Amino acid sequence: MPAASFEAIKFGTDGWRAIIGRDFTFENVSILTQATCDYFKAALARPDLTCAIGYDTRFLSKDFALEVAKVCVANNIKVIFSDKFLPTPALSFAVKKLHCDFGVVITASHNPPEFNGFKIKDSSGGAADTEITSAIEKLLKTSDVKKHDLIASKSSSNFKVCDLTNDYRKFLKSYLDLKTINRAKLRVLVDVMHGSGNGFIADCVEESNVNLSLMRSDINPSFDGSRPEPLPENLAPMISRMKKEKFDLGLVLDGDADRIAAMDSNGEFISPQVILCLLILHLVQDRKMTGAVVKTIVGSSMIDKICTRLKLKLFETPVGFKYISKLMKEGDVLIGGEEAGGIGFKNYIPERDGSLAGLLLLEMLAFRRCNINNLLADLKREFGSFYYTKDSLALSSVEMFSLANIKIPEELLGKKVVKIDKKDGLKFICEDDSWLMLRGSGTEPIVRVYSEAKTKDRAEKLISLGKKMI
């Protein structure tokens, strides 16, 4: 295997991710941390910077996080270091709550177990935008890496180990209507997929009548040989339990707990797009909140219908929550969601949070005194049927996929293509409002294929057609 090169450090839609031991090495993490320190020291032009550092349950995550801390301390940046693995949203919340200048979390989120990653948060707790990450890339290897022996610095003021989860847990409880939730007699199953979201949803409802069970809550860096991504193909154990044990609702968190998926009482998967639609209705109709909605280019058309009905302003962004985060920092955004289940909320950090999204869905059931199946039936009755699906094709490298090689069709499965959107991939929109989108992933070497149609059959056939086009 060739030696790792710093040239492999490239930010995607959410941080830098790479295979452990190949490109994600201690040397490369040190080089990236030095560039990150150089950027913030120059951009903020202050001598007293502070950084919060966290990590997930992946192989060597804490060790990589300590490497980040060694470089920060050597650059005279104060470090607040998590005393345990934690969800990415908890680290983001700590950055804002503790008035840090930036934060770093070592996580590869939903990627396969051989990956790890490096996410940067700005002072708001939101993801560092493209302007910041591009500048950091340009600083790689432009200065020598400084590194401090943390054993000698543990008693100094520049390195402090703290519990960064207590304030986060308190905030989650303060955001919810716990009185209403406490009255709900619901059986809920939560699959944390061996990730860092372990226990936070349970903690928030521990004094209620909600009967909550956790599964896959043990630490397993191999993630059962799968990947901690809340998709049906990774959830066979949960589907089985949902069908056998008669739970009212199933909630699923990804590896670093910033994404959510769900299941109905029959063990049927609920798309994150549907969850986003339900939460828009809940925040506006039940909680009487106001503000705009943000979705990505691959978001469901049902979101458009709901926003039209509720007279909400709707923004559409490229794929990547950092684009949603930017709008949340700039304006009055009620809720913003991406297709993969990352959802952010008003009066919080401009970042996604799977635990809060799951708790709000549970809160919605409590408000409306019904089960999830009733909610889904009501949604379909009011806004019609939209079948949303996605798939992917693996490549040896992201660079192998070029949109320029795709032949632009005039029709898809007998329906005329009336619009082509090229702002982030290729999206073909048909005369019947069905659509197909092709896009190279920004986090791993795969091409993603998305579709939506009024029937499940057409949606699935569009996916097959998209894979043939690639």
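The values are calculated or read from the model by the stated rules, or taken from the named source; none is laboratory data. Bear in mind that the values here come from a model prediction, so they are computed numbers and not experimental data. In this analysis, Cβ positions are derived from the backbone assuming ideal geometry, glycine residues included, and neighbour counts consider all displayed protein chains.
Numbers below:
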{"read-out": "Check on residue 38, touching a residue at least 24 places away in the same chain (Cβ under 8 Å), of a type outside the set (A, V, I, L, M, F, W, C) and farther than 17 Å from residue 17 by Cβ", "value": "yes"}
{"read-out": "Matching residues, region 199-213, being surrounded by fewer than 23 Cβ atoms within 10 Å (Cβ to Cβ) and under 18 Å from residue 230 (Cα atoms)", "value": "199, 213"}
{"read-out": "The lone exception for residue 406 - which of (1) within 27 Å of the chain's Cα centre (by Cα); (2) closer than 30 Å to residue 8 by Cβ it fails", "value": "(1)"}
{"read-out": "Residue 138 closer than 30 Å to residue 317 by Cβ, exposed (fewer than 15 other Cβ atoms within 10 Å of the Cβ), of a type in the set (Lys, Arg) and not assigned by TED's automatic domain parsing to the domain that holds residue 327", "value": "yes"}
{"read-out": "Condition check for residue 258: touching a Pro at 6+ places or on another chain (Cβ under 6 Å) and among the acidic types (Asp, Glu)", "value": "yes"}
{"read-out": "Filter result (more than 24 Å from the chain's Cα centre (by Cα), surrounded by 13 or more Cβ atoms within 10 Å (Cβ to Cβ) and of a type outside the set (Val, Ile, Thr)) within region 44-62", "value": "44, 49"}
{"read-out": "Residue list for region 218-255, filter: among the acidic types (Asp, Glu) and either in contact (Cβ under 8 Å) with a residue 24 or more places away in the chain or surrounded by 24 or more Cβ atoms within 10 Å (Cβ to Cβ) (or both)", "value": "218, 224, 229, 245, 248, 254"}
{"read-out": "All positions within region 314-337 that are free of Cβ contacts under 8 Å to residues at least 12 places away in the same chain and either in contact with a Phe, Trp or Tyr (Cβ under 6 Å, 6 or more places away or on another chain) or crowded, with 17+ Cβ neighbours inside 10 Å (or both)", "value": "none"}
{"read-out": "Residue check, residue 284 in contact with a helix residue (DSSP H, G or I) (Cβ under 9 Å, 6 or more places away or on another chain), surrounded by fewer than 23 Cβ atoms within 10 Å (Cβ to Cβ) and more than 22 Å from residue 391 (Cβ to Cβ)", "value": "yes"}
{"read-out": "Members of region 441-460 that are without any contact (Cβ under 8 Å) to a residue 60 or more places away in the chain, within 14 Å of residue 390 (Cβ to Cβ) and either surrounded by fewer than 19 Cβ atoms within 10 Å (Cβ to Cβ) or small (Gly, Ala, Ser) (or both)", "value": "446"}
{"read-out": "Residue 419, sole failed condition from (1) touching a helix residue (DSSP H, G or I) at 6+ places or on another chain (Cβ under 9 Å); (2) of a type in the set (D, E, K, R); (3) free of Cβ contacts under 8 Å to residues at least 12 places away in the same chain", "value": "(1)"}
{"read-out": "Whichever residue in region 63-118 is more than 18 Å from the chain's Cα centre (by Cα) and of a type in the set (S, T, N, Q) and, among such residues, is surrounded by the fewest Cβ atoms within 10 Å (Cβ to Cβ)", "value": "76"}
{"read-out": "Residue that is surrounded by the fewest Cβ atoms within 10 Å (Cβ to Cβ), among those in region 287-303 that are basic (Lys, Arg) and on the phi < 0 side of the Ramachandran plot", "value": "287"}
{"read-out": "Any hit, region 360-379, residues being in contact with a strand residue (DSSP E or B) (Cβ under 7 Å, 6 or more places away or on another chain), assigned to a loop (DSSP other than H, G, I, E, B), more than 24 Å from residue 434 (Cα to Cα) and not assigned by TED's automatic domain parsing to the domain that holds residue 127", "value": "no"}
{"read-out": "Failed item in (1) of a type outside the set (Val, Ile, Thr); (2) in contact with a strand residue (DSSP E or B) (Cβ under 7 Å, 6 or more places away or on another chain); (3) not in a loop (DSSP other than H, G, I, E, B), with residue 59 passing the rest", "value": "(3)"}
{"read-out": "Total residues in region 1-51, condition assigned to a strand (DSSP E or B), in contact with a Phe, Trp or Tyr (Cβ under 8 Å, 6 or more places away or on another chain) and not basic (Lys, Arg)", "value": "7"}
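Table: residues versus (1) among the hydroxyl-bearing types (Ser, Thr, Tyr); (2) in the same structural domain as residue 61 (by TED's automatic domain parsing); (3) in contact with a strand residue (DSSP E or B) (Cβ under 8 Å, 6 or more places away or on another chain).
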residue: 226; (1), (2), (3): yes, no, no
residue: 244; (1), (2), (3): no, no, no
residue: 265; (1), (2), (3): yes, no, yes
residue: 268; (1), (2), (3): no, no, no
residue: 280; (1), (2), (3): no, no, yes
residue: 286; (1), (2), (3): no, no, no
residue: 321; (1), (2), (3): no, no, yes
